[in-house]
1. Among rounded, prolate and oblate, which fits the range 117-196 when a ≥ b ≥ c are the square roots of the eigenvalues of its C-alpha gyration tensor, a/c under 1.5 means rounded, and a/b larger than b/c means prolate?
2. Based on the alpha-carbon gyration tensor of the range 36-164 and its eigenvalue square roots a ≥ b ≥ c, which shape applies: rounded if a/c is under 1.5, prolate if not and a/b is larger than b/c, or oblate?
3. Roughly speaking, to the nearest percent, how much of the chain's 1.4 Å accessible area is carbon and sulfur?
4. Could you check the spin-label model distance between residue 91 and residue 203? Points 7 Å from the Cα along Cα→Cβ, value in nm.
5. For labels at residue 176 and residue 9 in the simple 7 Å Cα→Cβ model, what's the distance in nm?
6. Give me the accessible area per residue for the range 95-200, probe 1.4 Å, as a whole number in Å².
7. Between rounded, prolate and oblate, where does the range 1-106 land on the alpha carbon gyration tensor, with a ≥ b ≥ c its root eigenvalues, rounded for a/c under 1.5, else prolate if a/b exceeds b/c?
8. Keeping all protein chains in place, calculate the accessible area per residue for the range 1-93 (probe 1.4 angstrom), answer in Å².
Amino acid sequence: MSVSMADIMAVVHRHAPRNFQPRFGMILGSGLSSLADQMTQVVSIPYQAIPGIQTGSVSGHASLLQMGYLNDIPVVCLRGRLHLYEGVAYEPIATLVRIVRNLGCHCFIVTGAAGSLREEVGPGELMMINDHINFQPGNPLVGANDESIGPRFLAMEDAYDHNLREIMIACAERLHIPLQQGVYISTLGPSFETPAEIRAFRMWGADAVGMSCVPEVILARHAGMRVACVAAITNLAAGMQHEKISHTGTLQYGEIAARKLIKLLPEFLKDANESGLAS
Ligand code: HPA
């Protein structure tokens, strides 16, 4: 039996700090969870305490909804994500994104690990995503559409908010953090790609490949939030590096990229907040 959003929000509000009005939502992918350690006055809700949501099964993913402050800005952080390859349906992924919107966020920051399809962008680098190719099965908006959330047919030309991108580029320059830009292609996983698939994806115009991000971006746009997305490059994609790709490598290089994100994101939040885009 599916649970109503009102029941879900009742649980979230029961835990939320008084008068908490978050500006930004964030989702942290593999190896990037440490970013949430920067938050202050944190209240955590384990995913399994939220009706209809389960704990993620992937190591490096904490499965906590956290409310607190990053650089003194109120944020909601989805610390750890649910992936289609875990056998999870789109519904709980949609619920998590919609909780963020219902708490009042106007901007959603998506992060995730990815392989690079560009030789010059190696492990440990950050790539800001400016467009995507949805190569995962289905679409999280399939099914009855709730018009109170968003439109039946969602335009995707401006999925990655132009203004937020400009702000992120300016912050990265100021902090001397190299920030690449590119197109993300989503795969179902959990197997990594074959070298032949990677060659095909390059011809399609992809710069990074990963097993997440796209469902959340579509859902956040559907709910009317502006989106910014940064991929932590953890490896060169299949066939482009000598070593075999592994989840351990993902976590190790995710950690290096996370250190850059820990510097970049708080500054970005401050500037994006001051720009008025989050209210
Ligand atoms: N492919 C898919 N997902 C990934 C990769 C990759 O090479 N690296 C990190 N996540």
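The values are calculated or read from the model by the stated rules, or taken from the named source; none is laboratory data. Because the structure is predicted, anything quoted here is derived from the model rather than measured. All Cβ positions, glycine included, derive from the backbone under ideal geometry; neighbour counts span all protein chains shown. Keep in mind that these areas ignore ligands, DNA and RNA; they rest on the heavy atoms of the full protein, side chains included. Shrake-Rupley method; radii C 1.70, N 1.55, O 1.52, S 1.80 Å.
1. Verdict is oblate for the range 117-196.
2. rounded
3. Details: 6040 of 11910 Å².
Heavy-atom surface of the chain belonging to carbon and sulfur, 1.4 Å probe: 51 percent.
4. Between residue 91 and residue 203, the label points sit 4.0 nm apart.
5. If labels sit at residue 176 and residue 9, their model points lie 4.7 nm apart.
6. Per-residue value: 45 Å².
7. Details: a/c = 1.92, a/b = 1.15, b/c = 1.67.
In terms of gyration-tensor shape, oblate.
8. Accessible area per residue, the range 1-93: 43 Å².
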